[in-house]
Number of protein chains: 2
Amino acid sequence: MSRRSAVNLVRLGTRAASLLYGNPLRRVHTAQPVAGFKPEKVAVVTKTTRYEFEQQRYLYAGLSEEDLTQLLAMKGSSYSGLLERHNIHTSNVEHVVRSLRREGMEVRVVKRGEYDEEVVRWADAIISAGGDGTMLLVASKVLSNDKPVVGVNTDPERSEGHLCLPVHYTHAFPEALGKLCRGEFRWLWRQRIRVHLEGTGINPSSVDLHEQQLSLEQHSQAHRITTMDSRRRTGTLHDSFSKTSLLPIRSLNEIFIGESLSSRASYYEISVDDGPWEKQKSSGLSICTGTGSKAWSYNINKLAEQAVEEVLQIGKSQAGLDVPLHRDIIEKVTDEYNESLVFRPDDTHLLYSIREPIVNRVFSSSRQRGFASRVSVRSRCWDACMVLDGGTSFEFNDGAIATISMSEEDRLRTVVLEH
Amino acid sequence: MSRRSAVNLVRLGTRAASLLYGNPLRRVHTAQPVAGFKPEKVAVVTKTTRYEFEQQRYLYAGLSEEDLTQLLAMKGSSYSGLLERHNIHTSNVEHVVRSLRREGMEVRVVKRGEYDEEVVRWADAIISAGGDGTMLLVASKVLSNDKPVVGVNTDPERSEGHLCLPVHYTHAFPEALGKLCRGEFRWLWRQRIRVHLEGTGINPSSVDLHEQQLSLEQHSQAHRITTMDSRRRTGTLHDSFSKTSLLPIRSLNEIFIGESLSSRASYYEISVDDGPWEKQKSSGLSICTGTGSKAWSYNINKLAEQAVEEVLQIGKSQAGLDVPLHRDIIEKVTDEYNESLVFRPDDTHLLYSIREPIVNRVFSSSRQRGFASRVSVRSRCWDACMVLDGGTSFEFNDGAIATISMSEEDRLRTVVLEH
């Protein structure tokens, strides 16, 4: 985080500021040597490939494999293409599993649908075999900060794999195992987000957005009215309104709060580090970790070269700034701006971003983005949700209050291999 | 549109460029004097106030007015506040209606739920009494380009009213009527968007997002599978896949295409002015008119002062400049940048914006925003929709192709009163 970001740090104390200033993002801690790590029992959690998904989806509808091929072709997708990616993933999984067994480890291969707390308890370490989405799923059931999780990107051509080991190890997994054994790595404890929920209109049951692919829509409004109606009849209308509950989920990337329907504006109030409540109208609110600062938050905040070029052009004519505007200068400025949006996964701060604020006569302007230790949000939405890591969704309607913070005990233990 | 936006015009021909360069946005055409306009039959379409909505919602659940008051209070809303806004709206509507009747016009007051094509046929002119949302609804049923529509903002304290007459006339409607009678106004034909749909996975039935407030979620996936299943059984699986249909709706503001669920990334391909298809992954795609360039598109593209300041700071240090950046310079640059996002309602161009592009190893970077006469989009989405003016939603899933364009016959006839 560079000095110009001083403007972003107005709410942080000195200690936090020096943490961000004093430790440039890309310097790796040269920590003391780590003891070798050789787990006895390893769970390998595998993703569902698109091929498997389409099979389930259309076989559910009673279509034959022939129909499926035709259907995909008509839509411009290739059945054989999906099968090819599926096979690539499967063979990469087999490579990982063989490598583990050769080292004498006991391996359990678990599909994402079968992955649960029992698997987590059984394993000494868990390997995510898929992409970033699979890593998020794996992390979501690891609630302690001492169970190591390692991600392997099983389709490097299609998947970014930010949370996975460098793609080199996908086909050379024994190398990764060797480094782990010999202690040629360091632990990276990734900070995660916890959420306290209180107020009215809460339905503490959640929806798994990935599992629900086949019947995504929920009658959440009707459900809520039914819930309130039954509470009224049983006389518990008042009692249930003031309990605060800590959600049993931790976010590795971010919490996103907003109207479920992508086309509707979200109304809410936000209080940063116990500051005054401010009304906001925007297309949503993102609160992310250092890990998540490279994910959705990054895409919300980053600027395209086109926008940077125009700002610099206007700046030149308005301020008489004599900034040369060659393509490479514009690229450099764009890259530097975008890089400043990313911070360290082990940083204890949250980054909140008010996505597409609607500023007009009615709603006041405020900071669009900033760091905090704690963010409280009060919903004023019709039909909103709080989405954790793009995968688990909680209702978050008018009156509900979420308090978002971090705690050391929630950290996720991951590895960074030495070069 | 200022000269620096030359970079935005690379795809336009000379004629379009001169249209945008030669006609600064804020200059009003000094057209020849307009004949006075005095309609005999005027329909006044009124919005549903939040008070009315909450009443319907909770009475539907069997709650009494007392329960409703308590419920709202517990959520931090004020029953009396909602009632007050409702009364303000109602009295403003009465003011408009009285003014019209005093001029000898026949007036029909129609709630938004009762407003249909028969009302449009009956009326010589239609007044929208509400906010911008009500104007969009009113416009949506006026498909000819010769029926005048006038918007009156019935709650200026709460509503922006971009599409309505200046707030002054809300309490002085006879003045507006006077100007219309004496021809002290000009016609503004606002260009609108039309959509052709083809390909697989189309469900041409639409969902009215406002009407569906109480049961918003749809089993769209299940519906589609059912539709395909029945087509398969009747042997029409192939036939229905290649028909192109012109949707019976016109957008006054914009089309938004993207995954229905706000947290999911959208995959699609885009072709601008019959150019090559480009794969995109982003949080959605907005295609707007000049009218809409002040609405959602504006919020997607505008920059906060915080971002502009940081870009200018980085630009300065990259170029080795040490010129202080005063707050008012930052404000001016921000305002000028944001103003360049807006163009004239009678402009025949579309502005497309790729919202939050996800650029990485897998997806290539491209122009994030630009003008066009025609945009084609092919869906690669799981469960996406095409939302017209934030109010009507069509399914738009994997394989469907939408072609978005404009036609003179779709224009909406509105008024701009003289000062």
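The values are calculated or read from the model by the stated rules, or taken from the named source; none is laboratory data. Please read these numbers as outputs of a predicted model, since none were measured by experiment. Cβ coordinates were reconstructed from backbone atoms using ideal geometry, including for glycine residues, and neighbour counts include every protein chain displayed.
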* **Filter result (among the aromatic types (Phe, Trp, Tyr) and within 11 Å of chain B (Cβ to nearest Cβ)) within segment A:268-294** => A:Trp277
* Those residues of segment B:97-124 which are among the hydrophobic types (A, V, I, L, M, F, W, C), assigned to a helix (DSSP H, G or I) and under 25 Å from the mean Cα position of the chain (by Cα), in sequence order -> B:Val119, B:Val120
* Flag for A:Leu163 being away from chain B (no Cβ under 14 Å) and either in contact (Cβ under 8 Å) with a residue 40 or more places away in the chain or buried (at least 19 other Cβ atoms within 10 Å of the Cβ) (or both) -> no
* **Odd one out for A:Tyr337 among (1) surrounded by 20 or more Cβ atoms within 10 Å (Cβ to Cβ); (2) not in a helix (DSSP H, G or I)** => (2)
* Asked: Taking strands (runs of 3 or more DSSP E) that do not extend beyond segment A:343-419, which have at least 1 residues that are closer than 21 Å to A:Asn301 by Cβ?
  -> A:350-355, A:369-372, A:374-379, A:384-388, A:401-406
* Provide a single number: the residues in segment B:320-341 that are more than 7 Å from chain A (Cβ to nearest Cβ) and within 26 Å of A:Ser266 (Cβ to Cβ). => 5
* Asked: Within segment A:311-325, can one find any residue that is surrounded by 22 or more Cβ atoms within 10 Å (Cβ to Cβ) and within 27 Å of the chain's Cα centre (by Cα)?
  -> no
* Among the residues of segment B:354-366, which ones are at pLDDT 85 or above and either surrounded by fewer than 20 Cβ atoms within 10 Å (Cβ to Cβ) or under 19 Å from the mean Cα position of the chain (by Cα) (or both)? -> B:Ile354, B:Arg355
* **Pairs where the first residue, in segment A:171-187, is closer than 19 Å to A:Thr154 by Cα and the second is among the acidic types (Asp, Glu), C-beta under 7 Å, 6+ apart** => A:Leu177/A:Glu103
* Scan segment A:87-98 and report the pairs whose first residue is touching a residue at least 40 places away in the same chain (Cβ under 8 Å) and surrounded by 12 or more Cβ atoms within 10 Å (Cβ to Cβ) and whose second residue is among the hydroxyl-bearing types (Ser, Thr, Tyr) and assigned to a helix (DSSP H, G or I), with Cβ atoms within less than 7 Å and a gap of 6+ or a chain change. => A:Asn92/A:Thr170
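Look at A:Arg85 and say whether it is farther than 30 Å from A:Val34 by Cβ and part of a helix (DSSP H, G or I).
Spelling it out, A:Arg85 is indeed farther than 30 Å from A:Val34 by Cβ and part of a helix (DSSP H, G or I).
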* To do: Go through segment B:402-414 residue by residue and tally those that are buried (at least 20 other Cβ atoms within 10 Å of the Cβ) and β-branched (Val, Ile, Thr).
  => 2
* Output for segment B:125-135, where each listed residue is outside any strand (DSSP E or B) and not acidic (Asp, Glu) -> B:Gly131, B:Gly133, B:Thr134, B:Met135
* Does segment B:295-309 include one or more residues that are among the aromatic types (Phe, Trp, Tyr) and either more than 10 Å from every other protein chain (Cβ to nearest Cβ) or under 22 Å from A:Glu339 (Cβ atoms) (or both)? -> no
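Could you grab me the full set of residues in segment B:143-158 that are within 21 Å of B:Asp124 (Cβ to Cβ) and of a type in the set (D, E, K, R)?
Initial filter on segment B:143-158 (within 21 Å of B:Asp124 (Cβ to Cβ)): B:143-152.
Listed by number, the residues that qualify are B:Asp146, B:Lys147.
Looking only at segment B:108-118, count how many residues are surrounded by fewer than 18 Cβ atoms within 10 Å (Cβ to Cβ) and in contact (Cβ under 8 Å) with a residue 60 or more places away in the chain.
Taking segment B:108-118 first, the residues surrounded by fewer than 18 Cβ atoms within 10 Å (Cβ to Cβ) are B:108-109, B:111, B:113-114, B:116-118.
Narrowing the set further to residues that are in contact (Cβ under 8 Å) with a residue 60 or more places away in the chain leaves B:108-109, B:111, B:113.
Result for segment B:108-118: 4.
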* Asked: Can we say B:Val42 is modelled with pLDDT of 75 or more and within 25 Å of the chain's Cα centre (by Cα)?
  -> yes
* Asked: Does B:Ser317 satisfy the condition of being more than 7 Å from every other protein chain (Cβ to nearest Cβ) and in contact with an Asp or Glu (Cβ under 8 Å, 6 or more places away or on another chain)?
  -> no
* Evaluate the following for B:Val387: is it of a type in the set (Val, Ile, Thr) and surrounded by fewer than 22 Cβ atoms within 10 Å (Cβ to Cβ)? => no
